[in-house]
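Novice: One structure, as structure tokens, below. Some questions next.
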Amino acid sequence: MHGVPLDLFLKQISGFLGTYYLLLALMNAVAAYLLWQGSSRQRELFRVPGADFPVTTAFIWLVVSLFFLLISPLAYSGDPQWMRLISLPLAVRAGINWLMDPTIYTVGTLLLLAFLFVFRRFFVKPWVAWSGLNLAMLLMGMSMTDPNFAAIVTKADNVPIVGLIFLLAFFTWLATYKAVLNDDRIKQGLEPLEKLDNEKVLVWPDLVYTELICMVAITALLLFWAIALQAPLEEPASSVKTPNPSKAPWYFLGLQEMLVYYDPWMAGVVLPSMIIAGLMAIPYIDFNKTGNGYYTIDQRKFAYVMFQIGFLVLWVTLIVMGTFLRGPNWNFFGPYEIWDAHKVEALNNVDLSEYFWVWFMQSSRPRAPEDASDLAKIGYAVRRELPGILLVIGYFTMLPPALIVMSKYFQTMFIKMGFVRYMVLTNLLLMMMLLPIKMLARWSPFHLKYFISMPEYMLNF
Amino acid sequence: MPSLGEIIRESQIWKSIFRHPAPVDRRNRIVVMLTNFFLHLHPVSIKKQGIALSFTWCMGGVTFFLFLVETVTGVLLMFYYRPTLEWAYNDILALRDVTSLGILRELHRWGAHAMVITVWLHMYRVFLTGSYKPPREFNWVVGVILLLLTLLLSFTGYLLPWDQLAIWAITVGSNMARATPFLGYEGPGNQLLTIDGIDMITNASDARFGLLGARFVGEETLNRFYVLHCVAIPLAASLLLAIHFWRVRKDGGISGPL
């Protein structure tokens, strides 16, 4: 959509946006109706002076619905004057663009998720979650009038990721909601809710019909999707015309993002293999017998937090960044920023060995003489990179025992798991944590590039 | 006068297919699960919890259904599409612009994206309910392999339209293989594999070459990915799916200790 004048772009998007707000209005109206129907549980929030009806949550969602209903025609108008009212102010967009960089984005997402997690008891309340959904939808709608934002989000192959974000948000909320309920019950010495439903039912009709309805619903959804959105087809393949940016399919963009911090042999081969191996190892290293068959967080906090760090914080966050925020030359672009191929970012990253030998030892880095044998060359390279090699070996071998000594928690873990399982678990976790560590080292004032840098053997770490 | 429905249900043809009366009473609802090939995947009765949508999210079932959708639409697309440099792009172009039922391609592509997402959500649910815990450890492992196969299915299919999006995504994705330790010609340790000073790992013999069938994404790659996409991986996935479902039954349902 680049190159289209703004008023024309707004015209193009107006039909979609108007319908979008209509659907939001409908969504809230249905919620209000359902709440009003079950009004026995409704309590009055407050009373407006002069009005003789109680203000309930149903009433509030009705007001929200009316609000969306009112802004829907503004969107349908396609008129720049009206649509400015339902757009994020330019100053805000510029501010977000200016503020955003990989550091702010990743650390911000981590902090946000951590905040949601710590105060999950508040955030799982249906009205809070529903407000959050409404706000997210409104923010999304107000961003869609930005041509740069719309160009990325509506790119056909990116639409599934928008869906993924909302689906993940919904299911994470659902799981956390149930986990909080169960954790409260367990605290009171009651069984988790799932165990109450232990009664057996016949698969025909109960399950078979559910499956049928699911199949019909999915078929309908897929048909609608296929009709509404054309599958992408670009120019015919040309091995001489490299697009910029060149991106892998979206589900691999987390790996492509790791290329910023790791060499391809790590980001593309070793780490993906470790992810698969680590996933397979989960049932064998999680010795916790509780939390089998019901949602809970408190009973398996360690496993839960570690999984979420791997899944939501690293995997999904990096995919979203790689898809929406990485532009030409894999540079970072704010969500409302134009993808300018000439954006220049200074890259002056420094290897650990340079810090050690040049800055700390005040000498030059060891270098093999020209006529040295192959073996001697390896020796020199190892000597040069020794600080990094020791650091990495120490990280994987010294930290696990150190954790046992320092923390009672890991001590118990070690006793329960035994040596091999404990080492597998801690090494997998340390491997996972190495990515954020490498990110932080890169962003820190040291701009650390590699711990171990042996380009002559293509071994950079 | 018997109604038409009665006549049909009393006919020899009907009775040869369905050996028992319609599942309208308790006895026949049990019998149907035991005698119908497609239904015997299920147990006869099941814990109420195991079918609650808010618990299961139905994501495993949806994933399997999408696999079936992909199979059906995929077979139909195979009738039309020719995996050669000459025709691949043109066939897709024609599917988009002129062919009736060209929407099959949309269904196939969006179904593939949806399947990746539903696999993730399914695993997410299995993790959050601790359903990988004993006795289901092995089935989780099978599931992880199925996740890998799903991603590979999607990845190999990505190349087939043979447009810029396709070959560059596959180029970026497969470039990684050239850095495979020991086996990629830009990977660490490849120098170790030499015989009499001759490198065994070159750009015409390394892991990437094995994946692409050539030094770069070309006709050999298209053919290789086509076969992987349409035959090899679906077969492997079908086998593992069968094991996955069978193990759900043998391990005592989808969740909870035995």
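Novice: Given Cβ point charges of +1 (Lys, Arg) and -1 (Asp, Glu) and nothing else, what value in debye, to the nearest 20, does the dipole of the protein assembly as shown about its Cα centre take?
Specialist: Using only the charged Cβ atoms, the result is roughly 2340 debye.
Novice: Subtract the Cα-Cα distance of B:ALA94 and B:LEU192 from 0.36 nm times their separation in residues, and report this length gain in nm to one decimal.
Specialist: 30.3 nm
Novice: Give the relative contact order (percent, whole number) for chain B; include only Cα pairs under 8 Å separated by 6+ residues.
Specialist: Contact order relative to length: 18 percent.
Novice: Cα centroid distance between region B:178-207 and region A:394-461, in Å?
Specialist: Each part's Cα centre sits 28 Å from the other's.
Novice: What order do you get for A:5-15, A:21-31 when each peptide is scored by the mean count of other beta carbon atoms within 10 Å, highest first?
Specialist: A:21-31, A:5-15
Novice: Net charge within 15 Å of B:ASN190 by Cβ-Cβ distance, Lys/Arg positive one each and Asp/Glu negative one each, not counting B:ASN190 itself?
Specialist: Around B:ASN190, the surrounding residues sum to -4.
Novice: What is the sum of charges, Lys and Arg at +1 and Asp and Glu at -1, for the other residues whose Cβ falls under 11 Å from the Cβ of B:MET115?
Specialist: Its environment carries a net charge of 0.
Novice: Collect residues whose amide H, placed 1.01 Å from N in the peptide plane, falls under 5 Å from the amide H of A:ASN460; neighbours closer than 5 in sequence don't count.
Specialist: Distant-sequence amide H within range of A:ASN460: A:MET454.
Novice: Taking Cα centroids, how far is region A:88-105 from region B:232-258 in Å?
Specialist: 47 Å
Novice: Ok, one more. Using a Gaussian network model on chain B with a 10 Å cutoff between Cα atoms, which of B:VAL72, B:VAL141, B:VAL32 fluctuates the most?
Specialist: B:VAL32
Novice: Given contacts defined as C-alpha pairs under 8 Å and at least six residues apart, what's the relative contact order of region B:1-45, whole-number percent?
Specialist: The value is 21 percent.
Novice: Just tell me how shielded B:179-187 is by partners: mean number of partner chain Cβ atoms within 10 Å of each residue's Cβ, no decimals.
Specialist: Average per residue, whole number: 5.
Novice: Mind pulling the angle between the C-alpha long axis of helix B:103-128 and the longest principal axis of chain B? Nearest 10 degrees, somewhere in 0 to 90.
Specialist: Orientation of helix B:103-128: about 80 degrees from the principal axis.
Novice: On to the next question. D for region A:352-460, whole µm²/s, Stokes-Einstein with Kirkwood Rh over alpha-carbon pairs at 37 °C and 0.692 mPa s: what number?
Specialist: So the translational diffusion coefficient is about 204 µm²/s.
Novice: What is the angle, in °, between the Cα long axis of helix B:137-159 and the longest principal axis of the Cα atoms in chain B? Nearest 10 is fine, range 0 to 90.
Specialist: 60 degrees
Novice: What number, in percent, do you get for the relative contact order of region B:24-118 if the mean sequence gap of Cα pairs under 8 Å and at least 6 apart is divided by its residue count?
Specialist: 25 percent
Novice: Now for a different question. Output the Cα-based Rg and Dmax of region B:198-258 in Å, rounding Rg to one decimal and Dmax to a whole number.
Specialist: Computed over the Cα atoms of region B:198-258, radius of gyration and Dmax are 19.2, 58 Å.
Novice: Okay, next question. What length, rounded to one decimal in nm, is gained on full extension from A:VAL55 through to A:ALA346, with 0.36 nm per residue of separation minus their alpha-carbon distance?
Specialist: Extra length from A:VAL55 to A:ALA346 when fully extended: 99.1 nm.
Novice: While we're on this one: Under Stokes-Einstein, with the Kirkwood radius over Cα pairs standing in for Rh, what whole-number D in µm²/s applies to region B:72-212 at 10 °C and 1.306 mPa s?
Specialist: It diffuses with D of about 88 µm²/s by this estimate.
Novice: Rounded to the nearest 0.05, what FRET efficiency is calculated for A:LEU399 and A:LYS377 with R0 set to 30 Å and r the Cβ-Cβ distance?
Specialist: Result of the calculation: an efficiency of 0.45.
Novice: Helix B:26-35 against the longest principal axis of chain B: what's the angle in degrees, Cα atoms only, rounded to the nearest 10?
Specialist: Tilt relative to chain B: about 40 degrees.
Novice: For peptide B:120-127, how many partner chain Cβ atoms fall within 10 Å of a residue's Cβ, on average?
Specialist: Taking all residues of B:120-127 together, the mean is 5.
Novice: Can you list, largest first and rounded to whole Å, the semi-axes you get for the protein assembly as shown by taking the square root of 5 times each eigenvalue of its Cα gyration tensor?
Specialist: They are 44, 33, 32 Å, listed from largest to smallest.
Novice: Sticking with this structure for a sec: Enumerate the whole-percent occupancy of each 5 Å bin, from 0 to the last occupied one, for all C-alpha pair distances of region A:232-307.
Specialist: 3, 11, 15, 14, 13, 13, 12, 7, 4, 5, 3, 0
Novice: Per residue of A:157-170, count partner chain C-beta atoms within 10 Å of its C-beta, then hand back the mean as an integer.
Specialist: Per residue, the number of nearby Cβ atoms from other chains is 3 on average.
Novice: Next question, about the same structure. Expressed in nm to one decimal, what extension gain is obtained for the pair A:LYS289 and A:PHE224 from 0.36 nm per residue of sequence separation less their Cα-Cα distance?
Specialist: Separation in residues times 0.36 nm, less the Cα-Cα distance, equals 19.0 nm.
Novice: With r as the distance between the Cβ atoms of B:LEU53 and A:LEU181 and R0 = 22 Å, compute the FRET efficiency 1/(1 + (r/R0)^6) and round to 0.05.
Specialist: 0.85
Novice: Evaluate the Kirkwood expression for the hydrodynamic radius of region B:1-45, namely the inverse of the mean inverse distance over all pairs of different C-alpha atoms, and round to one decimal in Å.
Specialist: Over region B:1-45, the inverse of the mean reciprocal pair distance is 11.4 Å.
Novice: While we're on this one: Over the Cα atoms of chain B, Rg to Rh with Kirkwood Rh, two decimal places?
Specialist: Ratio value, two decimals: 1.09.
Novice: What's the local net charge at A:ASN198, with K and R +1, D and E -1, over the other residues with C-beta under 11 Å away?
Specialist: Its environment carries a net charge of 0.
Novice: Where is the GNM fluctuation largest for chain B (alpha-carbon springs, 10 angstrom cutoff): B:THR56, B:THR99, B:THR156?
Specialist: B:THR99
Novice: What do you get for Rg/Rh over region A:218-373 if you use C-alpha atoms and the Kirkwood form of Rh?
Specialist: 1.09
Each value in this text was obtained by applying a stated rule to the coordinates, not by laboratory testing. The shown structure was predicted, so the numbers you read here are calculated from the model rather than taken from an experiment. For neighbour counting, all protein chains shown are included, and Cβ atoms are generated from backbone atoms with ideal geometry for every residue, glycine included.
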